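Student: One structure coming up, written as structure tokens, with questions to follow.
The values are calculated or read from the model by the stated rules, or taken from the named source; none is laboratory data. Remember, predicted model here, so these are calculated numbers, not experimental data. Quick reminder, even Gly has a Cβ in these numbers, built from the backbone with ideal geometry, and neighbours come from all protein chains shown. Keep in mind that these areas ignore ligands, DNA and RNA; they rest on the heavy atoms of the full protein, side chains included. Shrake-Rupley method; radii C 1.70, N 1.55, O 1.52, S 1.80 Å.
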Amino acid sequence: MQRRFLFWVAARAIAVGTIAISFPPSGQLLFAFASDAILLRTIATDIALALIGPLLATYIDDRFDLRRTRILLWSMLPIGVSLTVLAPSIAFAGKLDMLHDIVLAGLIVMLVVALVSSVRAGSRAAMFQSAAWLPGICVALAALFWELALQRAAPFYFEAILIAFLIEFVVTAAGIGDGYMIILRQRDAAMADVRTATMASSLDPLTGIANRRGLARRFRDPDAARPTGVAMVDCDLFKRVNDSHGHDIGDEVLVAVARALSTENCFPGRLGGEEFMLLLYGPQWERTAEMARRRITGSVRENVPELSFPVTASAGLAAIDADDSMESAMKRADRALYAAKGAGRDRSLRLTDFPALEQFRRYA
């Protein structure tokens, strides 16, 4: 919703309020002569009609190609302002007053043409404003007919124009509310798309678990508990699976591995290839990592029955200290994984708190 549109709405509201106070009984209290109230009403009417042009021009969504319609609407402003300037000298000047009414009728025709073209283009704002201004347009045309054709004031004009203004404000307010709701829905949809895209960028497309970016986001998440340990898990001799059964079976094995690692107190992620990483929670994080590693063989056997040999995995474990980053903990876990591979595979090893001594603790 454009702020300049709201400016024109406020300006027109002031003009309409001025028209209202020019009628009895307020007009009788404010002005000593009836002619002064009529002149004020004439000027306010000219301004109110002139403001409709820029109001609608700024209200219509920019995505509609209505350049000519906007030019027509903006031209209503200088015409209406010119009438306002001339009003004191022509309001009671007989034929000149008739010319004034004819120009007003022309402005109304311009407005109707603009509304029709905008509605046909599909502008929802123009639809609301057509409903809002239709009663006022009808009252104005009827009053002009009485003045130009019958040469006298239209009966019940005061009551009819106030009702028309009331309808205008109610429907315009409903249109503004509808516009804001559309903006909110668009914003919510955009935010949902951003969340979806962010989530997609944090997931491994093959296994559906986190990728390296997703692991980093979880590690830094202030709303999630800080992990107490990390495990680097690597499938043993995985090249044998691809060489003997093909990459399609290899992909199925990786999916089965991801399922095995998705357990309580364990946030799994795939770093690439057959290498996985676990963020581990709770005081028994080492036991959690070892149990997850041991489930891999059974998960692969169950989900990939065509594989002719068992799949095992090795894991390197490292505790996460208070001042650790994910990368620093990963480096220690990676050294432990390298040691587990060198010690015969199919086991978990943890690098102790004395890395200079390169001591390891076995969990297999």
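Student: Given the criteria open to solvent by less than 40 Å² (accessible area, probe 1.4 Å), in a loop (DSSP other than H, G, I, E, B) and farther than 26 Å from residue 145 by Cβ, does residue 5 qualify?
Tutor: no
Student: Quick one: in region 340-354, which of the residues that are open to solvent by 20 Å² or more (accessible area, probe 1.4 Å) and not in a loop (DSSP other than H, G, I, E, B) is nearest to residue 299 (Cα to Cα)?
Tutor: It comes out as 341.
Student: OK, next. Restricting the search to region 221-251, which residues are in contact (Cβ under 8 Å) with a residue 12 or more places away in the chain and either small (Gly, Ala, Ser) or part of a helix (DSSP H, G or I) (or both)?
Tutor: Those that are in contact (Cβ under 8 Å) with a residue 12 or more places away in the chain and either small (Gly, Ala, Ser) or part of a helix (DSSP H, G or I) (or both): 225, 229, 231, 240, 241, 244, 245, 249, 250, 251.
Student: Right, something else. In this structure, does residue 30 turn out to be hydrophobic (A, V, I, L, M, F, W, C), farther than 13 Å from residue 107 by Cβ and in contact with a helix residue (DSSP H, G or I) (Cβ under 9 Å, 6 or more places away or on another chain)?
Tutor: Yes; evaluated as a whole, the condition is true for this residue.
Student: Continuing with this model, one more query. For region 281-327, what are the residues that are hydroxyl-bearing (Ser, Thr, Tyr), more than 21 Å from residue 235 (Cβ to Cβ) and exposed (fewer than 14 other Cβ atoms within 10 Å of the Cβ)?
Tutor: Across region 281-327, the qualifying residue is only 325.
Student: Scan region 193-217 for residues that are at pLDDT 70 or above and either aliphatic (A, V, I, L, M) or farther than 28 Å from residue 252 by Cα (or both) and jot them down.
Tutor: If the condition is that a residue be at pLDDT 70 or above and either aliphatic (A, V, I, L, M) or farther than 28 Å from residue 252 by Cα (or both), then 203, 206, 209, 210, 215, 216 are the ones that fit.
Student: Among the residues that make up region 278-291, is at least one of them in contact with a Leu (Cβ under 8 Å, 6 or more places away or on another chain) and farther than 24 Å from residue 218 by Cβ?
Tutor: no
Student: Could you check region 222-268 and list, in sequence order, the residues that are open to solvent by less than 20 Å² (accessible area, probe 1.4 Å), farther than 16 Å from residue 348 by Cβ and touching a Gly at 6+ places or on another chain (Cβ under 6 Å)?
Tutor: Listed by number, the list holds a single entry, 241.
Student: Within region 146-164, track down each residue that is touching a residue at least 24 places away in the same chain (Cβ under 8 Å), open to solvent by 70 Å² or more (accessible area, probe 1.4 Å) and touching an Asp or Glu at 6+ places or on another chain (Cβ under 8 Å).
Tutor: If the condition is that a residue be touching a residue at least 24 places away in the same chain (Cβ under 8 Å), open to solvent by 70 Å² or more (accessible area, probe 1.4 Å) and touching an Asp or Glu at 6+ places or on another chain (Cβ under 8 Å), then 147 is the only one that fits.
Student: On to the next question. Hand me the list of helices (runs of 4 or more DSSP H) wholly inside region 23-99 holding 1 or more residues that are touching a residue at least 24 places away in the same chain (Cβ under 8 Å) and open to solvent by 40 Å² or more (accessible area, probe 1.4 Å).
Tutor: By residue number, 34-59, 67-90.
Student: Among residues belonging to region 112-126 that are touching a Leu at 6+ places or on another chain (Cβ under 9 Å) and part of a helix (DSSP H, G or I), point out the one that is farthest from residue 53 (Cα to Cα).
Tutor: Step by step, filter region 112-126, then rank; the result is 121.
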